[in-house]
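Right, one structure below, let's go through it.
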Amino acid sequence: MDKFRAVLDLHLKHHSTLGYGLVTLLTAGGERVFSTAVFQCPCSATWNLPYGLVFLLVPALALFLLGYVLNARTWRLLTGCCARGARSGGCGAARRAVLVFAQLSATAAVAPLTWVSVALLGGAFYECAASGSGPLARRLCRGRDPSCEARLPLAPCSPAQAADVQDLLKELKAQSQVLGWILIAVVIIFLLIFTSVSRCLSPVSFLQLKFWKIYLEQEQQILKSQATEHATELAKENIKCFFECTHPKQYNTPSVKDWQQISSLYTFNPKDQYYSMLHKYVNRKEKSQSIRSNEGDVVIPILGFVDTPGMNTAAEL
Amino acid sequence: MFVSKEERAPPLATAAAAPQINKQSLFPWYAFSMDAFQGILKFFFNQKTVIGYSFMALLTLGSERLFSLVAFKCPCSTENLVYGLVFLFAPAWVLLILGFFLNSKFWRLFTGCCVNPRKIFAKGHSCRFVYVLGQIALSSLVAPTMWLSVALLNGTFYECAMSGTKSSRLLGLICKGKPQECWDELHKVSCGKTSMTPADNEEVKLSLQAQSQILGWFIICSASFFSLITTCCARCRSKVSYLQLNFWKTYAQKEKEQLENTFLEYANKLSERNVKCFFEKKRPDVFPMPTFAAWEAASKLHSFHQSQQHYSTLHRVVEDGLDLGPEDDETTMVLVGTAHSV
């Protein structure tokens, strides 16, 4: 059991890195499958460029949207936002929502960027697209015989063609790989800078953040088990009363307002140490007090993890 | 106030869920093989650092092989230099940044440092920030150095890059004693498509690969020598004796484990209280937790004082309270096996 503990520690310590690593591996595997099994360069002057670009960019767009869908914070932000009419807070709430949206976009951008860089490293998509692009073909074919421009789009399909055109294809592949590596290098340094800055601006110390993450995982598990228990009892009571035509006994269940209060996006107040909206709500001073948009509540970038405990909460929620 | 030393709750039930196997009732060979297996696991677990580094080396080796087989194809054009250099240095860069990401001392250093710089280091020791950052950078440089040396030992990356050079001095060195085609068509030498004789072509190619391998060995030797010198220097300057240093490392490891267990325990209790109160609509009872200031004090980076033998920041905070005494005599943890990797 100790060995499994060690693996669990690794999971807790490098949670986000493992997550990103998994996403990278899956995207790389997917790209391999696409470029070997599905992609067939049409080898025509008019279709090469759109075909290559579609294969390069459309899966990236799909992954970007999937990143939004699979992030529980999106649903926290969106659920009920139209139904509640005039939102309390006005400008402040709108600004918070924009900040959260920006953070969500940044997280969702990881998978598409991985796809694009792995696809560029593979070279097939860029090669096909660039061989159909007029300006690029003209630049490559400068100083060579005039039929080069006409033969270039057909080159990816027939490897047995003239050697000079194949050389150009090799050059295109090399350009593609250089672009892919530069993209990876730039993205990773931006990721480091962004994470360092958001950590720098964290009002919460290192150990407390660590405890916070562990607390959230536990709260999520316990909420789920308690909710299941509560739901089972309530359902049993209702069904029993339905069949026996009696009145159900008074059941102490949280009201709609209670659930709304704990479902809102987490805001940090430097005066208190509350680790989640549930914690805040349970510890409020008066029974009827609303915990949303109080004095001093701010959205901190580094505390975005509070709304998304665990890796696959969207499926559970 | 801090968390007082309350009675510890019994160990988490989940850890001991599996029933004990009654070895007496099973075949003796099964019992023996289970013992042997556990022994092997224990041995490997004790060699964590060595295994960690060898795993990293294997990973680097594997990915380099993969890259050079699958992805790396020298274009044999004027872009050779850029192509070869990017393939040599971009993975090294990525490994360096990943090293920073996976180093928890880095995050300990940065968390909250803009909000309150004095939180991390006491007055007058701001240059320690740079020192610790340098330490982190040095330990992150291990993986890129491994990649560079393996890639250079391979030879194809360097060969491609050097064959694209335009500098006349380098061309003179490489093409010494070779016909004029070598000077004009050096970028095609990797693909064997120059107008030189195959023997000449092969000779140039092999000499470039030889240079690459010599450079690779040189990097390996100098990196290992450099790390030996720095470890010796750090140990030399250590004001802590050898046995105490060993104890320090063991203590740090144990404290880390205890801290994580306690985090889990307290998180469990606190979240259970909160969720219960939410569902049963009750007022919550008081739950003792460390204050904000206590957390901040415990997250500071540690430095050793000879006058007070505290083995970690937590140790010092618990014994001395939240206000820290003057830092007169300091020493720093040695590079290898630091205690801050919480």
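The values are calculated or read from the model by the stated rules, or taken from the named source; none is laboratory data. Computed from a prediction, not measured in an experiment: that's the story for all the values here. Backbone-built Cβ (ideal geometry, glycine too); neighbour counts: all protein chains shown. Side chains are part of the model used for accessible areas, which takes the heavy atoms of the whole protein and leaves out ligands, DNA and RNA. Shrake-Rupley method; radii C 1.70, N 1.55, O 1.52, S 1.80 Å.
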Exercise. To the nearest 10 square angstrom, how much accessible area does A:Thr79 have with a 1.4 angstrom probe?
Worked result: 90
For this session: Ignoring everything but the protein chains, give the 1.4 Å probe accessible area of A:Lys236 in square angstrom, nearest 10.
Result: 140
Exercise. What is the average number of partner chain Cβ atoms found within 10 Å of a Cβ in A:266-278?
Worked result: 2
For this session: Please get the size of the charge dipole for region A:158-305, origin at its Cα centre, with Cβ charges of +1 on Lys and Arg and -1 on Asp and Glu, quoted in debye to the nearest 20.
Result: 460
Exercise. Which pairs in the list A:Lys280/B:Lys269; A:Lys257/B:Lys276; A:Lys173/B:Lys176; A:Lys170/B:Lys178; B:Lys269/B:Lys300; A:Lys213/B:Lys269 are over 21 Å apart, alpha-carbon to alpha-carbon?
Worked result: A:Lys173/B:Lys176; A:Lys170/B:Lys178; B:Lys269/B:Lys300
Exercise. Cross-link partners among lysines for B:Lys42, C-alpha distance below 24 Å, same-chain residues fewer than 8 apart left out?
Worked result: A:Lys3, A:Lys13, B:Lys23, B:Lys249, B:Lys254, B:Lys256
Exercise. Per residue in region B:248-267, which ones lose no less than 50 Å² of accessible surface when going from chain alone to all protein chains (1.4 Å probe)?
Worked result: B:Glu260, B:Phe263, B:Leu264, B:Ala267
Problem set entry | Shape category assigned to region A:118-249 from the gyration tensor of Cα positions, a/c cut at 1.5 | oblate
For this session: Can you tell me the dipole magnitude for chain A around its Cα centre, using point charges on the Cβ only (Lys, Arg +1; Asp, Glu -1), in Debye to the nearest 20?
Result: 680
Exercise. If you rank B:Tyr158, B:Tyr53 by how much accessible surface each has, with a 1.4 Å probe, what is the order from largest down?
Worked result: B:Tyr53, B:Tyr158
For this session: Set Lys and Arg Cβ to +1 and Asp and Glu Cβ to -1, take the dipole of chain A about its Cα centre, and tell me which of A:Ser147, A:Pro270, A:Ala109 lies farthest positive.
Result: A:Pro270
Exercise. Chains B and A: how much accessible area gets covered up at their contact, both sides added, probe 1.4 Å, in Å² to the nearest hundred?
Worked result: 6400
For this session: Of the options A:Leu63, A:Ala119, A:Val187, report the single residue whose Cα projects farthest towards the positive end of the charge dipole of chain A (beta-carbon charges: Lys, Arg +1; Asp, Glu -1).
Result: A:Val187
Problem set entry | Sum of side-chain charges, A:Lys249 neighbourhood, beta-carbon under 14 Å (Lys, Arg +1; Asp, Glu -1) | -1
Exercise. Taking the Cα centre of region B:50-237 as the origin and placing charges on Cβ (Lys, Arg +1; Asp, Glu -1), which of B:Met162, B:Ala199, B:Leu152 is farthest toward the positive end of the dipole?
Worked result: B:Leu152
Exercise. Can you give the angle from 0 to 90° between the axis of helix A:110-122 and the longest principal axis of chain A, with both taken from C-alpha atoms, to the nearest 10?
Worked result: 20
Problem set entry | region B:186-326, dipole about Cα centre (Lys/Arg Cβ +1, Asp/Glu Cβ -1), debye to the nearest 20 | 160
Exercise. Round to a whole number: what % of the accessible area of region A:106-214 belongs to carbon and sulfur, probe 1.4 Å?
Worked result: 70
Problem set entry | C-alpha long axis of helix A:91-108 to longest principal axis of chain A, angle in ° | 50
Exercise. Using the per-residue mean of other Cβ atoms lying within 10 Å as a proxy for protection, in what order, highest first, do the peptides A:46-57, B:223-234 fall?
Worked result: A:46-57, B:223-234
Problem set entry | Local electrostatic count at B:Leu133 - Lys and Arg +1, Asp and Glu -1, tallied over other residues with Cβ under 15 Å | +4
Exercise. Once you treat every alpha carbon in region B:50-237 as an equal point and sum by Debye, what is log10 I(q)/I(0) at q = 0.08, 0.10, 0.11 Å⁻¹?
Worked result: -0.38, -0.55, -0.64
Exercise. With the other protein chains left in place, how much accessible area per residue, in square angstrom, belongs to region A:144-237 at a 1.4 angstrom probe?
Worked result: 44
Seminar exercise, completed: Taking Cα atoms only, helix A:2-13 is inclined relative to the longest principal axis of chain A by an angle, in degrees rounded to 10, of 80
For this session: Working with all protein chains in place, sort B:Asp285, A:Asp297, A:Asp272, B:Asp35 by solvent-accessible area computed with a 1.4 Å probe, largest first.
Result: B:Asp285, B:Asp35, A:Asp272, A:Asp297
